[in-house]
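Participant: The structure is given below, and queries will be raised subsequently.
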Amino acid sequence: MIASVIPHLKTLKQSLRSGQKSLAEWEGGQMAVSAVPGAGKSHSLSVAAAIAIIKNQLHSRRQLLIVTYTRSAAASIKSKIRDRLKELSYPPGGFMVNTLHGLALNIANSHPELSGLNSQDSTLVIPTPSHRIMRTAVEKWILNDKKRYNRLLEGEKHKFDREETEKLRRQSALRTEILPNLAHQVIREAKSSGLLPENLWEMSEKSRDEYEILAVSAGLFAEYQKVMKENNFIDYDDMILGALKVLENPEIRQIWQHQIFAVFEDEAQDSSPLQERLITILAQDFDQNESNLVRVGDPNQAINSTFTPADPMYFNWFCETCQNQGKLATMDQAGRSSQIILEASNFMLNWICDVWDKTEQLNAQKLVNKYPFRRQNIQPVDINDPQLNANPNPEGKGLEIYTPEDIFHTVKLMEKRVIELLTNNPDHSGAILVRENRQGRFIAKELSHLYQEYGIKVYEVSESDRHSHIPEEILKLLQFIDRPHSCELLKSALEVLEIRQLIATQDLNLLATNPEIFLYPTPLDPPQKEMVKNARQYCCNLLKARLELPHYQLISFLGMTLQCQGAELATIQKLSERINQQIIGKSSLKNIISTLTEIVNSEQFEGVEEETENKYVRPKQLTIITMHKAKGLDWDYVFLPFLHEKTLPGDPWVPNSTKFLGNFTLAEVARVQIRSVLHSQYLEHNNNVQIPLPHEAWQEAILLQKAESYRLLYVAMTRAKKLLWMSASNKAPFSWSIFRGKDKTNLQTQDPCPIINFLKQKFPDSVMKCY
């Protein structure tokens, strides 16, 4: 069979671009692949995987492992590899695709006596700063370390006169905001790097700041670990730590290494040191003491490092190491965008690299070893490239830069262009990418008439789409079932049914004003309209279920009532299992509601993912979506409004309530302090690094936040195929959080994002008049 497939392998390889061929020709050892946006890395990975499977005759006991970071990405890559093998008439086996956390959990569960984890008895939580676990850890730390707590209470330069009102204000800020945020940031940063509380204690001995921030962090981390253990909770990092504990056993490690031929990692720029350590161990060839590890990513698309422990510097350094060994491949050709869009994106990237090189603060403080970008221009594909409509002809000028009068004028200009484009090209798609969801809601409201008047669907992807809205819906229904005579809870339940389009839109206040009459009308009450009867029937069925079903089956029943299907139904099952596991031994409706309330209020419950591309990219649809969520997608026409310096790149915000400590936040300072030690150890194996003082670390935090903002803009620009529309109006809200609808009095003169003026100079023909 192998001999008959070889010619087909050669043909398949020849269909790849030059940069893609390097991945397909991998013969073993370590390899880094730096891929520009739109380079087709998923296709290349699937081809390289198929070739590796066939050439090495892999099977169920010797497999290629492909890891990525989301379930939807894992499903997509798995499908593509199967398609490649099917095209070659080869059995669809010899590989496995996992999310990194799913893989870690499998390893940890295989030997719970070594990992210290038992998923059957443990509950996975994703704590936020407001979570009960964080609050409890903070309170326990305050009780056990009053000296350091009192030092924080005194504030900057001991400027505290002990006035009672000010003391209470500071205590509240520390307990409810500053310390929970510090704990949340430090715990994620430390655990994702494989650090324990004692490691932070060691770091704190070398720090010089008056607040002893790392010592405070170590104490909070230790208390968090205790609370998690007492409640039998685990977080995502515990899965990886558990897997690493299992692999410390030489015999078990050898079994896994023998089973895994090599590891291919996708989206490597989003990896953490702990995750890198796990896949490096698994990729180790136990016979030859060589690591068969291929890591594919783009450091310039690392857009999660400010709110997750992901650090693009590590993949950058991995690329440099491989480059020195002659094992770096670059996928720099992309057929997604028109030539002028490629030129604008390249110009933006090189501009920020030049700015970063010249940053005096960076050169003076030397807090990072290199700028967090990679100079890597996107090149168009060759003329004979097999990709259909590669590097398409631009729409109009391809790049259009506007300077509207204000945000309302901005929306009018976008509306005019959208109507023209999607009316003349109904098979095309468009998107408006925004910096924050408030901007998206404003635009969606202003453009809500487009469907009725022009048949253009406006689809706003809200923040609630990132984390599942199902727990909140289920909670509202359960609260109504528990207290059906509450006007407020009845209205909330009816709102859920109305949003789900199970009942007709009507005056819900009228129904909820008198629950007894609505739910149980007597012959003396006025007859109900048909739509009211339908709403009452749904509510009565909910109450009937409470009487007839055991309470642990209610969540599943509510899922069916809401007519959940596919991924939503799987999310319902996940939620039900999570709650039932957490209330073992104390199961009741009250405890279900209490547990669910905590999940809704203080966790980011992740629903089961579904394929989202079809939902976000549809013909004659205008999708309004954040720049973050747009990664991995593309549209024919992309609009980037409100590109103001205040929001892009912006500056880290210091709340007024915390400024008694200084003009910085403890959470960001601690993160930079930890990373400065880790970076030094990673590069130089040096344990004598000087930990930056708070004001130094804060300046570094500002630089890193700006770097990520520009990477985010780069990602946004490279989503466009035929038209990239950019604007920065002369006037915009001082803050989108306080902006209300049509109110123009809150608009102020705003400076554009710095890159806008440079783009205008570079591409003068793209500067448009605003009519």
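The values are calculated or read from the model by the stated rules, or taken from the named source; none is laboratory data. Every value quoted in this text rests on a predicted model; they were computed, and no experiment measured them. Methodologically, a virtual Cβ is constructed for each residue, glycine included, from the backbone with ideal geometry; neighbour enumeration extends over all protein chains shown. Accessible surface areas use protein heavy atoms only, side chains included; no ligands, DNA or RNA. Shrake-Rupley method; radii C 1.70, N 1.55, O 1.52, S 1.80 Å.
Participant: I need the helices (runs of 4 or more DSSP H) fully contained in region 391-483, keeping only those with at least 1 residues that are closer than 21 Å to K760 by Cα.
Facilitator: Details: elements: 407-424, 437-446, 450-454, 470-482.
Filter on region 391-483 gives 407-424.
Participant: Need pairs with beta-carbon distance below 8 Å; first residue over 18 Å from S657 (Cβ atoms) and within region 138-155, second of a type in the set (D, E, K, R) and assigned to a helix (DSSP H, G or I); sequence gap 6+ or separate chains.
Facilitator: Once the first residue is over 18 Å from S657 (Cβ atoms) and sits in region 138-155, its partners that are of a type in the set (D, E, K, R) and assigned to a helix (DSSP H, G or I) give E139/R175; K140/E223; K140/K226; W141/E223; N144/E223.
Participant: Continuing with this model, one more query. Consider G94 against the criteria (1) under 28 Å from N377 (Cα atoms); (2) surrounded by 22 or more Cβ atoms within 10 Å (Cβ to Cβ): it satisfies all of them except one. Which criterion is unmet?
Facilitator: Tallying (1) under 28 Å from N377 (Cα atoms); (2) surrounded by 22 or more Cβ atoms within 10 Å (Cβ to Cβ), G94 fails exactly one: (1).
Participant: Please go through region 273-324 and give me each residue that is modelled with pLDDT under 85 and acidic (D, E), ordered by number.
Facilitator: D285, D287, E290, D311
Participant: Tell me the residue from E700, E696 that is touching a residue at least 12 places away in the same chain (Cβ under 8 Å) and within 24 Å of the chain's Cα centre (by Cα), please.
Facilitator: None of the others qualify; the one that does is E700.
Participant: Looking at region 61-87, I want the residues that are within 18 Å of L282 (Cα to Cα) and have a partner that is basic (K, R) with Cβ atoms under 9 Å, at least 6 apart or on another chain. Which pairs are those?
Facilitator: Qualifying pairs under 9 Å: I66/K78.
Participant: Could you tell me how many of the residues in region 723-749 are within 29 Å of the chain's Cα centre (by Cα) and open to solvent by 30 Å² or more (accessible area, probe 1.4 Å)?
Facilitator: Residues of region 723-749 within 29 Å of the chain's Cα centre (by Cα): 723-729, 732-741.
Restricting the remaining residues to those that are open to solvent by 30 Å² or more (accessible area, probe 1.4 Å) gives 734-735, 737-738, 740-741.
Of the residues in that region, 6 qualify.
Participant: Looking at (1) closer than 20 Å to Q565 by Cα; (2) without any contact (Cβ under 8 Å) to a residue 12 or more places away in the chain, which one does V461 not meet, given that it meets all the others?
Facilitator: (2)
Participant: Output the helices (runs of 4 or more DSSP H) that fall wholly within region 156-230 and possess 3 or more residues being closer than 28 Å to N656 by Cβ, or say none.
Facilitator: Filter on region 156-230 gives 164-173, 179-191.
Participant: Do you know which residues across region 222-263 are without any contact (Cβ under 8 Å) to a residue 60 or more places away in the chain and loosely packed, with under 15 Cβ neighbours inside 10 Å?
Facilitator: K229, E230, P250, E251, Q254, I255
Participant: Within region 612-657, track down each residue that is in contact (Cβ under 8 Å) with a residue 60 or more places away in the chain and among the β-branched types (V, I, T).
Facilitator: T612, V617, T623, I624, I625, T626, V638, T647
Participant: For a quick check of your reading of the model, give me the residue pairs whose first member lies in region 106-125 and is over 15 Å from I240 (Cβ atoms), whose second is hydrophobic (A, V, I, L, M, F, W, C) and open to solvent by less than 50 Å² (accessible area, probe 1.4 Å), with beta-carbon atoms closer than 6 Å and at least 6 apart or on different chains.
Facilitator: Pairs that qualify, where the first residue is over 15 Å from I240 (Cβ atoms) and the partner is hydrophobic (A, V, I, L, M, F, W, C) and open to solvent by less than 50 Å² (accessible area, probe 1.4 Å), are T123/F233; V125/F233.
Participant: Does region 174-207 hold any residues that are of a type in the set (A, V, I, L, M), under 21 Å from the mean Cα position of the chain (by Cα) and closer than 16 Å to Y682 by Cα, and which are they?
Facilitator: Filtering region 174-207 for residues of a type in the set (A, V, I, L, M) gives 174, 178-179, 182-183, 186-187, 190, 195-196, 200, 203.
Filter once more, keeping what is under 21 Å from the mean Cα position of the chain (by Cα): 182-183, 186-187, 190.
Passing the criteria: only A190.
Participant: Follow-up question, since we're still on this one. Within the bounds of region 588-595, is there any residue that is modelled with pLDDT of 85 or more, in a loop (DSSP other than H, G, I, E, B), open to solvent by 30 Å² or more (accessible area, probe 1.4 Å) and not hydroxyl-bearing (S, T, Y)?
Facilitator: no
Participant: Given region 1-106, what helices (runs of 4 or more DSSP H) lie entirely inside it while holding 1 or more residues that are touching a strand residue (DSSP E or B) at 6+ places or on another chain (Cβ under 8 Å) and at pLDDT below 90?
Facilitator: 18-24, 41-55, 71-87
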